[in-house]
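First up is the structure itself, then whatever we jot down about it.
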Amino acid sequence: MKILIRAVAAAVAGVAAMALSGPAFAAINPRLSVGTVPGSSKVTIESRVAMSDDSIARMQVYVPTGFSLKAPVGGTQVGTATSTAHWTQRDPNAPAPVKMVGTVKAVATTDPAISWEAANCAPGAHQAAWLVQVQGGDDSWTYPIFVDATSGNETQFGPLKLTACFKPTSLEPNGNKFISMSLALNGFTSPTTAGTYRWRSLWTPYNVNATTLNTGASVEAQSMSRMPSAVLTISSKRVAKGGDRFVLSGKLLVDGEAFGRARITLIHGVAKTKLTSMGRVTTTKAGTFAAKIRVKTIQYVQAGTTIGGGDLGTGGCTASFGVPCVSASDARVAVLSRLIAIRR
């Protein structure tokens, strides 16, 4: 199942790459895309700005009502991260950002490694703090994410707020300027009620050539996470009595209706914890799919797909914070079948 979830995360990232592109309309023109896997603890948050945008100081992501988060204790890995930064100290005119990968770990809210951000970006007490540590391309980067319960008027946007803080380039050893971030986070619980859940993000840049936040230039970006009533079935049938060939079949229903032209990923293996890809098939207009498999002893098989995805433009974005809402995306939601065992 972990492999299938990783495949779903990769699909979400692919959709985000399309949804996060577009012309700039402001000093900053951010994009947000959130991917979810119902029944899983994983949430994927994709975000980015253009190379020419002003330097980002803070990104606040509001977790919609229906989602919950169990913040881990210090030292626990929360998830993984991929980040890109413009390495301004190396070459301010470099045409491509530096890609770095690493982890997200829980740290103490008073950890000295995040003291500057705690004082200048997100002052006050926090429920929890995470430290993103990534490296690659002869570069490294660390930045915190603060976890807080919402209060006052913010409660209408959800129970929790994640605040990512980035130092100004003048205080970064390599002058790292935020371009994009992809977080695969654990500890979430997804809604059990079908509906559309709006993830909101509030972005604030720095004043030009300064270490102070330009709150007057803040903008909003959103991602719609649609939780459909979706069912993906899977079963197997032996082709010939006593033979080792089986036909896998199933059906995808979304909100009670057949869902055609969906790409179904199939994974298999001799152990439940060691499943690898066996390929993809596409559902028919009737929502059905079929594939063949050969079984020598035993095979565990599971199917999965993602639905949704795409750029909703500014028309799909409803302003929440009294600042311009510059983009919205239709996030992808994963649908998984049960895990079946096929014995010869």
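The values are calculated or read from the model by the stated rules, or taken from the named source; none is laboratory data. Keep in mind that this is a model prediction, so the values were computed, not measured. Every residue, glycine as well, gets a Cβ built from its backbone with ideal geometry; the counts of neighbours run over all protein chains shown.
For this structure, a couple of remarks:
- Test: residue in the range 155-162 that is surrounded by fewer than 16 Cβ atoms within 10 Å (Cβ to Cβ) and at pLDDT 95 or above: yes
- Cβ separations smaller than 6 Å between residues 6+ apart or across chains give the following pairs from the range 313-327 residues that are assigned to a helix (DSSP H, G or I) to residues that are modelled with pLDDT of 90 or more and among the aliphatic types (A, V, I, L, M): G316/A328.
- Flag if L266 is buried (at least 20 other Cβ atoms within 10 Å of the Cβ) and more than 23 Å from the chain's Cα centre (by Cα): no
- In this entry, A125 is excluded by the filter for residues that are in the same structural domain as L185 (by TED's automatic domain parsing), surrounded by 14 or more Cβ atoms within 10 Å (Cβ to Cβ), modelled with pLDDT of 90 or more and not charged (D, E, K, R).
- Index of the failed condition, W203 passing every other in (1) under 28 Å from A290 (Cβ atoms); (2) surrounded by 16 or more Cβ atoms within 10 Å (Cβ to Cβ): (1)
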